[in-house]
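The values are calculated or read from the model by the stated rules, or taken from the named source; none is laboratory data. Please read all numbers here as calculations on a predicted model, not as lab measurements. Heads up, the Cβs are rebuilt from the backbone with ideal geometry, glycines too, and the neighbour counts pull from every protein chain shown. When the accessible area is computed, the model is the full protein with side chains, heavy atoms only, and any ligands, DNA or RNA have been set aside. Shrake-Rupley method; radii C 1.70, N 1.55, O 1.52, S 1.80 Å.
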Amino acid sequence: MISVHEEDKQRAGLGQEERDALIRSFRDFMAKELTADRVLELDAKEEFPAEILKELFNTLGLHFVLLPQKYLPEDMRGMEGNAKDLAILAEEFARVDLGTATAFLAVALGLDPILVGATPCQLSKWIPMMAEGKILAYCVTEPNVGSNVAAIETIAERQYDSSGALKGYKITGNKQFITNGGVAELYVVLAMVVDGRTSSPGAAPARQGPSFFLVDRNTPGLTPGKSEEKHGIRASNTTSVALDGVFVTADRLVGEKEGEGLEQASKVFAYTRTMVAAFGVGCASAALEMALDYAKTRMQFGKPLTAHQGYTHELLVPHSARMEAARAYIYELADRIDGGEQNVDVEGAIAKLYATEFGFLAVDAALQALGGYGYLREYRIEKMLRDIRITRIYEGTSQILRLIIGLNRIRGGKKLYEDLTKEMRSLSEKYEDLGAEMIAGAAKALAENIEGIRKGGLLKQQAVLFKLADDVASVEIAAALARKAANRREKGEKGANLLAIFSDLVSREAEAALLPVSPFEHYIRKLEALDRASDLLVGRSFDLFDNAEALKKAGNKAKPVLLALENLLKAESPGDGSVGALSMIESLSAAKGQEMNLDPLIQELAGNPHLRSLIEESQDIVAAVRKIVM
């Protein structure tokens, strides 16, 4: 979690082993307690699983990832996370159920003003209380106030004792769309501080500025409304909250300084929007995986759905590429936040805009991929589509985010994109197949467009700013994926080839948005990339970086083996597969004695789902391969 205290600006977070262990425990818990059937039941009944969230806190200690360790008792320390940890956890949460994930987000949101604004004394008192696993509600939105937080109507009127000393505040107003509003144990309320003592009768109270207050659930005058009946995230609890003369003592003012509320909220926008962006990626990725699994067994016109370009090239590959790009940008941004970088609000807006807009389209494509089954509630994807819709609204609507991105990049983007052009051109010289040269061209055009908008006096034209924001997101996110793909290739890590093709695809989208491209040339180049990505994604192609280091090192000697394997994986019928297998065995026989360790290759044959669906006697073929090679 973020803190403005100087000593906390850089956060190491969990170690890799700690994070992996936490994610494994989380997955095991969710697989047992929040099964697919249970998720559908909660959705149908619009029921908040309070016991599950409490168990996640009390058993897994999930809330400790949010809490600064130095304010906890010694026996509670050891799990303090950072932005990267929370992004990964948020993605995992959203893969299971976005409603429950939203309840967890609300706890994080409620903590944020406290962590960035509370005094050390308040932190020493409040953080151990939070460690008990309290459910929080973040109360900012009002019936008449959404994105323009400065216009809040809820007031906190100063209260004085008989000696004239400030003793507390009386809060009056109404909050709307409050997640955890009906189940929270603590409410973090934003209210406008006013002073009723005025020199002239009838004058309006002096306004001291928006401020956050910590309010207990059982405080007289605090009344949650009925649970709202929602389109999606129905497992989350959403209510109004009425505050009628709610009195809190002066020490419940976060930071013990009035008028700091907006600054406290703004300090965590990048952080919270990164979490919501991760929600988009998690929900969309889970839906796409469901569509891919379905396609491997569903036959149409005598072939599996994965053999049809209309399925893979339209409904699977482009969306998978965009989600990988969004994930790359989210992790890159999280690393910057954890490194102590402060002014990344625009980047947080970019992450959320891209991941949630394209995430929604990805889930919609997954529903389309299942056809009529996708429209049925028992298949969950229709629920996921209803759920992910909210990510384009809460924590900043897509329209507000576009304004933020457009206006900010006009102010300082020209130099940014000139530098990005140089960076991507340098990267393209090292790796020609990542699309970096296309990103460089798009970034150069973006810098020129920004200058044109400024000179043309178009700064107040929202339609122009919206288009600029979409172009900004496509270019910056494509660049993040190109960097990630290059890094993975340098390390020879798993998935390097597929990531490189995904990078090429999203780079083409950035280029097409900003540069005139020959239609025929664009179609051919894009088709080639889609073909390669599709083959890797559905298991019709063999990624040397993933599974066959021995073949990669063998160079030309491996070519006949790889060619035969490609033919086998691309077979469309058992007969063709058997012929391909025999051809491969012959190639392996020829390679015998060349000191090639083919164990990785054999393991790939045994585990490839496409092979299992094509060749009834696959185990016999693998046994034959072993006999010849060994």
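Things to note:
This table checks each residue for (1) of a type in the set (Ser, Thr, Tyr); (2) under 19 Å from the mean Cα position of the chain (by Cα); (3) crowded, with 20+ Cβ neighbours inside 10 Å; (4) modelled with pLDDT of 95 or more.
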{"position": "386", "(1), (2), (3), (4)": "no, yes, no, yes"}
{"position": "413", "(1), (2), (3), (4)": "no, no, yes, no"}
{"position": "424", "(1), (2), (3), (4)": "no, no, yes, yes"}
{"position": "452", "(1), (2), (3), (4)": "no, no, no, no"}
{"position": "457", "(1), (2), (3), (4)": "no, no, no, no"}
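- Taking residues in region 442-463 that are within 17 Å of residue 418 (Cβ to Cβ), and partners anywhere that are open to solvent by 60 Å² or more (accessible area, probe 1.4 Å) and part of a helix (DSSP H, G or I), the pairs with Cβ atoms closer than 7 Å and at least 6 places apart or on different chains are 447/414; 447/418; 450/414; 451/414.
- Cβ pairs under 8 Å, 6+ apart, first in region 121-150 and over 15 Å from residue 253 (Cα atoms) and of a type outside the set (Lys, Arg), second open to solvent by 70 Å² or more (accessible area, probe 1.4 Å) and modelled with pLDDT under 90: 133/58
- No other residue among 31, 87, 106, 94 is open to solvent by 40 Å² or more (accessible area, probe 1.4 Å), in a helix (DSSP H, G or I) and either touching a strand residue (DSSP E or B) at 6+ places or on another chain (Cβ under 9 Å) or aliphatic (A, V, I, L, M) (or both) apart from 31.
- Which listed residue is out of contact with any Pro (no Cβ under 7 Å at 6 or more places or on another chain), modelled with pLDDT of 95 or more, open to solvent by less than 40 Å² (accessible area, probe 1.4 Å) and not acidic (Asp, Glu), from 270, 291, 277, 307: 277
- Test set (1) closer than 29 Å to residue 261 by Cα; (2) among the hydroxyl-bearing types (Ser, Thr, Tyr); (3) open to solvent by 10 Å² or more (accessible area, probe 1.4 Å) - residue 59 fails condition number: (1)
- Looking across region 316-333 at every residue that is at pLDDT 95 or above and among the hydrophobic types (A, V, I, L, M, F, W, C), the one that is farthest from residue 495 (Cα to Cα) is identified as 333.
- Residue check: residue 150 meets all listed conditions (1) farther than 22 Å from residue 237 by Cα; (2) outside any helix (DSSP H, G or I) but one, namely (2).
- When 496, 554, 512, 550 are screened for being open to solvent by less than 40 Å² (accessible area, probe 1.4 Å) and modelled with pLDDT of 85 or more, only 496 passes.
- Among residues of region 285-305 that are assigned to a strand (DSSP E or B), those with a beta-carbon under 9 Å from a residue that is surrounded by 11 or more Cβ atoms within 10 Å (Cβ to Cβ) and among the charged types (D, E, K, R) at least six positions away or on a different chain give the pairs 303/572; 304/296; 304/298; 304/572.
- Residue under evaluation residue 118, criteria (1) open to solvent by less than 10 Å² (accessible area, probe 1.4 Å); (2) under 30 Å from residue 45 (Cα atoms), criterion not met: (2)
- Qualifying residues in region 41-54 (those that are open to solvent by 40 Å² or more (accessible area, probe 1.4 Å) and part of a helix (DSSP H, G or I)) - the one farthest from residue 229 (Cα to Cα): 54
- Any hit, region 55-75, residues being modelled with pLDDT of 95 or more and not in a helix (DSSP H, G or I): no
- Residues that are crowded, with 18+ Cβ neighbours inside 10 Å and without any contact (Cβ under 8 Å) to a residue 40 or more places away in the chain within region 390-411 comprise just one, 392.
- Qualifying residue in region 78-92 (condition: β-branched (Val, Ile, Thr), in contact with a helix residue (DSSP H, G or I) (Cβ under 6 Å, 6 or more places away or on another chain) and closer than 30 Å to residue 30 by Cβ): no
- Beta carbons closer than 6 Å, at least 6 apart along the sequence or on distinct chains, pair a first residue in region 354-380 that is in a helix (DSSP H, G or I) with a second that is open to solvent by less than 60 Å² (accessible area, probe 1.4 Å) and of a type in the set (Lys, Arg) for 356/392; 358/322.
- Condition check for residue 20 on (1) open to solvent by less than 30 Å² (accessible area, probe 1.4 Å); (2) at pLDDT below 95; (3) within 27 Å of residue 289 (Cβ to Cβ); (4) out of contact with any helix residue (DSSP H, G or I) (no Cβ under 6 Å at 6 or more places or on another chain): one failure, at (1).
- Unmet requirement for residue 376, which otherwise passes all of (1) more than 24 Å from residue 116 (Cα to Cα); (2) among the hydrophobic types (A, V, I, L, M, F, W, C); (3) surrounded by 19 or more Cβ atoms within 10 Å (Cβ to Cβ): (3)
- Counting only residues that are in contact (Cβ under 8 Å) with a residue 24 or more places away in the chain and open to solvent by 30 Å² or more (accessible area, probe 1.4 Å), region 163-177 holds 7 of them.
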